[in-house]
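Everything below concerns the one structure shown next.
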Amino acid sequence: MLLHVVGARPNFPKLAPVHRAARAAGLDQLVVHTGQHYDDAMSGGFFRELGIPQPDVDLGVGSASHAVQTARIMERLEPVLARERPTWVVVYGDVNSTMAAAIVAVKLGLRVAHVEAGLRSRDWSMPEEINRIVTDRLASLLLTPSRDADATLRAEGEPEEEIVFVGNVMIDSLFHALPRARASGFRARLGADGDAVVVTLHRPSNVDDPARLAAIARALREIADERMVIFPAHPRTQERLRAASIDLGAVRVLDPVSYPEMLDLVQGARVVVTDSGGLQEETTALGIPCLTVRENTERPITITEGTNQLAPDPRALPALVRAVERRADVRRPEGWDGKAGERIVAALIARSAHTAGA
Ligand code: UD1
């Protein structure tokens, strides 16, 4: 039996293709939601839009400091895993729920498969970097989205037989949702043309320091003098903007939007300005230019083979937005083909048999 543990918004488009492929293969599966994200716009809506059945178990942990949130997940997940004793505990990405689940599972003697293994920003100030490293160290099946991730895991001393390149499962969900995204008409309802700039920001490094957030807001206001800027803002970002009384001028700030709505915005944008990991990948897959407001990225393939560039200094953003040009062709990295979910399930099945017979 597969037991999937998810908790935060970026986990859900990664779960959907794996769940679908496992169902097609006739595997038993259970979905545990930690409750790290709980608003309908951040969680429930994604389950409906992605066609994932409602979670079998909801741990309801909610928001808290990292230590408290991680501890709550561990405490509440332990009895579930002890009762179910699945063949695999499947964890996704790099959020607190991912790491917490991996620790609990391994201490119960259960095997962990990590979807999106091997990504590294080399920036230890990011909570996600710690989550990635701990999870990869503990997992016994490392399912990687790109070849650079394989090389990273090898260099860290992970055994060769644990590393399986499967490609990027986010892109499975993207292909699956594109027709609905086009049909949503969301962009048209906002009156956006092909010159609109789409913004998302939520990393602590960008939104928790009021001076940094104000500098980013200045840049966005300047961009909005020239073209439409649409900014679906994470609850945390909205709260920080309010607390610091930061004015965004003509920027259209929206509540978090649904997955198809976001894809509709992205595929029709001149450029995406973001600090999200998933958007760096989605823009590469769609051939839309992306400016990543960070010093580094754990997804270098979106720069070397994709449309992404780092833009750590917000003052540079207005000129970069003016300068970007859409590439004529769309080239996608290896394994970003909509079939990663099937390869993940094949790897899980192959490894289960291997271990049972060993
Ligand atoms: C988490 C992930 C991050 C991911 C992001 C995507 C970690 C360490 N971080 O960050 O990697 O990119 O999700 O969204 O796991 N809040 C709500 N409603 C919700 C959820 C959160 O209002 O449904 C607000 C709360 O004020 C909360 C804040 O957002 O305190 C932060 O939520 P949290 O889950 O701690 O981290 P994210 O910033 O969402």
(request) Considering (1) over 17 Å from Met170 (Cα atoms); (2) surrounded by 15 or more Cβ atoms within 10 Å (Cβ to Cβ); (3) within 14 Å of the ligand (Cβ to nearest atom), say which one Val95 fails and leave the rest. (result) (1)
(message) For region 170-191, which positions are open to solvent by less than 20 Å² (accessible area, probe 1.4 Å) and either within 16 Å of the ligand (Cβ to nearest atom) or of a type in the set (Gly, Ala, Ser) (or both)?
(response) Met170, Ser173, Ala177, Ala181
(request) Looking only at region 312-337, count how many residues are surrounded by 20 or more Cβ atoms within 10 Å (Cβ to Cβ) and in a loop (DSSP other than H, G, I, E, B). (result) 2
(message) Being within 16 Å of the ligand (Cβ to nearest atom), within 13 Å of His33 (Cβ to Cβ) and either open to solvent by 40 Å² or more (accessible area, probe 1.4 Å) or touching an Asp or Glu at 6+ places or on another chain (Cβ under 9 Å) (or both): is that true of Val68 here?
(response) no
(message) Take Val95 and tell me if it is in contact (Cβ under 8 Å) with a residue 40 or more places away in the chain, more than 19 Å from Ala347 (Cα to Cα), out of contact with any helix residue (DSSP H, G or I) (no Cβ under 7 Å at 6 or more places or on another chain) and among the β-branched types (Val, Ile, Thr).
(response) no
(request) Scan region 177-229 for residues that are farther than 30 Å from Pro17 by Cα and touching a Pro at 6+ places or on another chain (Cβ under 6 Å) and report the count. (result) 5
(request) Determine whether Gly306 is assigned by TED's automatic domain parsing to the domain that holds Pro256 and under 22 Å from Asp94 (Cα atoms). (result) yes
(request) Could you list, in sequence order, all residues of region 141-180 that are polar (S, T, N, Q) and touching a residue at least 60 places away in the same chain (Cβ under 8 Å)? (result) Ser146, Asn168, Ser173
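The values are calculated or read from the model by the stated rules, or taken from the named source; none is laboratory data. Given the structure is predicted, the values throughout are model-derived calculations rather than measurements. A quick note on method: Cβ atoms are made from the backbone with ideal geometry, for glycine too, and the neighbour counts reach across all protein chains shown. To get the accessible areas, we keep the full protein, side chains included, count just its heavy atoms, and leave off ligands, DNA and RNA. Shrake-Rupley method; radii C 1.70, N 1.55, O 1.52, S 1.80 Å.
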